[in-house]
1. Find the residue count for segment 267-297, including only residues that are farther than 17 Å from D245 by Cα and either under 22 Å from the mean Cα position of the chain (by Cα) or buried (at least 19 other Cβ atoms within 10 Å of the Cβ) (or both).
2. Return the residue satisfying two criteria in turn: it lies in segment 298-316 and is under 14 Å from the mean Cα position of the chain (by Cα) and under 20 Å from N385 (Cβ atoms), and of such residues it is surrounded by the fewest Cβ atoms within 10 Å (Cβ to Cβ).
3. Kindly evaluate H228 against the criterion of being touching a helix residue (DSSP H, G or I) at 6+ places or on another chain (Cβ under 6 Å) and open to solvent by 40 Å² or more (accessible area, probe 1.4 Å).
4. Restricting to segment 338-373, what's the tally of residues that are farther than 24 Å from P269 by Cα and either part of a strand (DSSP E or B) or more than 25 Å from the chain's Cα centre (by Cα) (or both)?
5. Within segment 103-114, does at least one residue satisfy the condition of being in contact with an Asp or Glu (Cβ under 6 Å, 6 or more places away or on another chain), modelled with pLDDT of 95 or more and within 22 Å of N192 (Cβ to Cβ)?
6. Quick one: which residue in S118, S139 is in contact (Cβ under 8 Å) with a residue 12 or more places away in the chain, of a type in the set (S, T, N, Q) and out of contact with any strand residue (DSSP E or B) (no Cβ under 9 Å at 6 or more places or on another chain)?
7. Exactly one condition in (1) open to solvent by 50 Å² or more (accessible area, probe 1.4 Å); (2) hydrophobic (A, V, I, L, M, F, W, C); (3) farther than 23 Å from L132 by Cβ is not met by I9; state its number.
8. Please specify each residue of segment 353-389 satisfying the condition of being charged (D, E, K, R) and open to solvent by less than 40 Å² (accessible area, probe 1.4 Å).
Amino acid sequence: MTSLEEFSIRSNQIQNEVPQSFGLLKKLRYIDLSLNKLGGRLPHSLFHNCTSLEYIDLSENKFLGYIPSNVGNHLKYLETLFLYLNQLIGIIPTSLSNSSHLKELDLGSNFLTGALPSKIVQQTPLLEILNLSGHSLESNDGNINLTPFLTTIANLTHLRELQLAENMLRGEFPSRISQFNNNLSLIHLEENFLHGSIPSYIANFSSLSLLNLSSNLLHGRIPSEISHLAKLERLFLSNNSLQGDIPFVLGDLRHLGLLDLSRNKLSGPIPSSLANLTLLRELYLHHNSLSDTIPSTLGGCISLDILDFSYNKLNGKIPAEVAGLRDIGIYFNLSNNLLSGELPTALSKMEMINAIDLSSNNFKGEIPPNLLNCEAAELINLSHNALQGSIPASLGNLLNLKILDLSHNSLSGEIPESFSESTSLVHINLSFNNLSGLLPRGRLFNSLRFESFQGNKHLCLRLTDFQSCIQNRKSKTTFSQILDLGCHCWVYY
């Protein structure tokens, strides 16, 4: 079929190698073999003989070995080369610099090594998409210098996406860049070894919608100039060593849908200005040293699905405006802080929430019975607080609840029978409270380990429950050893 110009078998189950006879298709301009089970080496003849090729997609297969060293010498018209998600090794051939019409280069998620291809980038000025993520690529000059490559990138006026994540890149951002690409919308540099501070000139990439610098070695403050990125929708700066306050001006990023500043060394209060982010769906500030109270204005973040402020030094009460975020649908986590006061009844407005974690704080008072309104909840963790009173029977009526942890409080009274009737609960921890009465029978309690209710001095076990308790332990356990666990059990016969 020597007149063939376009050939696609995308998304099938085709196996084995690509025949070298494909090199006879001299008029081929477009070939798409992606999403198959092809293996072996890349067909050398395809890159050598099919000189009219403009589009090559061999991604998401099982190709092995090296990218042919002369890949760019004969493909003068090549605009798109997709080889991502294979098992390719070796360096990125410098011959690609001869394919000066190249617009899309995606080699992501292989096993490539060597330095960043500065020469290729310099000589392919039409590049729009560059994905080199998921390799072991290094910076220039022995993996210490990012400046040559990033300076060249800034000069690519057509570039829209830059992905260099999950490599071995070291070095700092250039101290200055003289030219800025106003088309660049995505920057992925996460999971490398970049150090130094985030440069203020990052704000000059005015079209950025996504900036991901997470999981590096960055330190210093978050530059307030980031607030000039008016189109920014997702900002990832997590898992670094960033310090200082969260800039108040981040509240000016009105299109922001995700903000992740977690796992840093940030301190000071949570800015009330974040309430301006009415499109924000995910807010991660956990594992920092944030202090002061939670701003009540955050109740203005009406689109939130996930809020995680855990592992900080926040104090005071949970504002009713925040507890009443009606549309939060996935995760509400304030655990491991210094929060106090009673649990707000407004929590019951979270009718769509999947998980609530308020553990390891200083909450007191009773558990609000109207948590029954949290109909979608699968996990509720109120452990390690100072909660008192009885356990609301209504909690056992939550039809989707799978995990309930009320351990290490001062709860009293009997365990509600509604828990034994629950068809959804798979784990419950009531240990180290002041519960009394008989341990209920039923599906859940027949399989519970002793650790789930130990530390309740007045909780009684039926003889059959006592025997089951022993059988559920990994080794033979005597009655005295059970007493040593902290539970003085009256055996009811």
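1. 6
2. Result: D308.
3. yes
4. 13
5. Taking every residue of segment 103-114 in turn, none turns out to be in contact with an Asp or Glu (Cβ under 6 Å, 6 or more places away or on another chain), modelled with pLDDT of 95 or more and within 22 Å of N192 (Cβ to Cβ).
6. S118 is the lone residue from the list that is in contact (Cβ under 8 Å) with a residue 12 or more places away in the chain, of a type in the set (S, T, N, Q) and out of contact with any strand residue (DSSP E or B) (no Cβ under 9 Å at 6 or more places or on another chain).
7. With (1) open to solvent by 50 Å² or more (accessible area, probe 1.4 Å); (2) hydrophobic (A, V, I, L, M, F, W, C); (3) farther than 23 Å from L132 by Cβ applied to I9, the lone miss is (1).
8. Of everything in segment 353-389, just one residue is charged (D, E, K, R) and open to solvent by less than 40 Å² (accessible area, probe 1.4 Å), namely D357.
The values are calculated or read from the model by the stated rules, or taken from the named source; none is laboratory data. From a predicted model like this one, the values you see are computed outputs, not experimental measurements. Reconstructed Cβ throughout: ideal geometry from the backbone, glycine too, with neighbour counts over all protein chains shown. These accessible areas exclude ligands, DNA and RNA; they are computed on the full protein's heavy atoms, side chains included. Shrake-Rupley method; radii C 1.70, N 1.55, O 1.52, S 1.80 Å.
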